[in-house]
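The values are calculated or read from the model by the stated rules, or taken from the named source; none is laboratory data. Computed from a predicted model, the values in this text were never measured in an experiment. Quick reminder, even Gly has a Cβ in these numbers, built from the backbone with ideal geometry, and neighbours come from all protein chains shown. With ligands, DNA and RNA removed, areas are computed over all heavy atoms of the protein, side chains included. Shrake-Rupley method; radii C 1.70, N 1.55, O 1.52, S 1.80 Å.
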Amino acid sequence: QVQPAESGGGLVQAGGSLRLSCVVSGMNISDNVMSWYRQAPGEQREELRELVATITIPGAKILEDAMKGRFAISRDNAKNAVYLQMNSLKPEDSGVYYCNARPRDDSAHYWGPGTLVTVSS
């Protein structure tokens, strides 16, 4: 059974940093597309999760425009883990951050339970 597990969220002041981790069991992340999504505070609908960053199977890193220059995604295949380094955090970055894993053919999506990030002004 594939199960991502996020950690590293917390409360931080604006301008601060956090590093989120996602360890995946049941699959090799190097064979899958790994992404981070954010669900805004109070938003219940999963379909409205916003894509934050993606690392492709060959290792290409894609960041959404609002995060460029502040966030970085990385992968450690030996630990089967994906990371999201978040710097210069803003209150609008607050939310629950989810790790997502999907195979090349997009035949399935696997989500972790999420980790809460709160950025105070």
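Anything in the range 6-44 that is aliphatic (A, V, I, L, M), open to solvent by 50 Å² or more (accessible area, probe 1.4 Å) and not in a loop (DSSP other than H, G, I, E, B)? List them, or say none.
L11, V23
Would you please list the contacts, defined by Cβ atoms under 6 Å and residues six or more apart or on different chains, that run from a residue in the range 65-84 that is more than 16 Å from E6 (Cβ to Cβ) and of a type outside the set (A, V, I, L, M) to a residue that is assigned to a helix (DSSP H, G or I) and open to solvent by 30 Å² or more (accessible area, probe 1.4 Å)?
N77/S30
Please state which of the following conditions R70 fails to meet, knowing it meets all the rest: (1) among the charged types (D, E, K, R); (2) open to solvent by 50 Å² or more (accessible area, probe 1.4 Å); (3) touching a Ser or Thr at 6+ places or on another chain (Cβ under 7 Å).
Condition not satisfied by R70: (2).
If I ask for residues that are in contact with a Leu (Cβ under 8 Å, 6 or more places away or on another chain) and under 13 Å from N100 (Cα atoms), which ones from the range 39-53 would you list?
Residues satisfying the conditions are Q39, V52, A53.
For V119, indicate whether it is surrounded by 13 or more Cβ atoms within 10 Å (Cβ to Cβ), in contact with a Pro (Cβ under 7 Å, 6 or more places away or on another chain) and in a strand (DSSP E or B).
So V119 passes the test.
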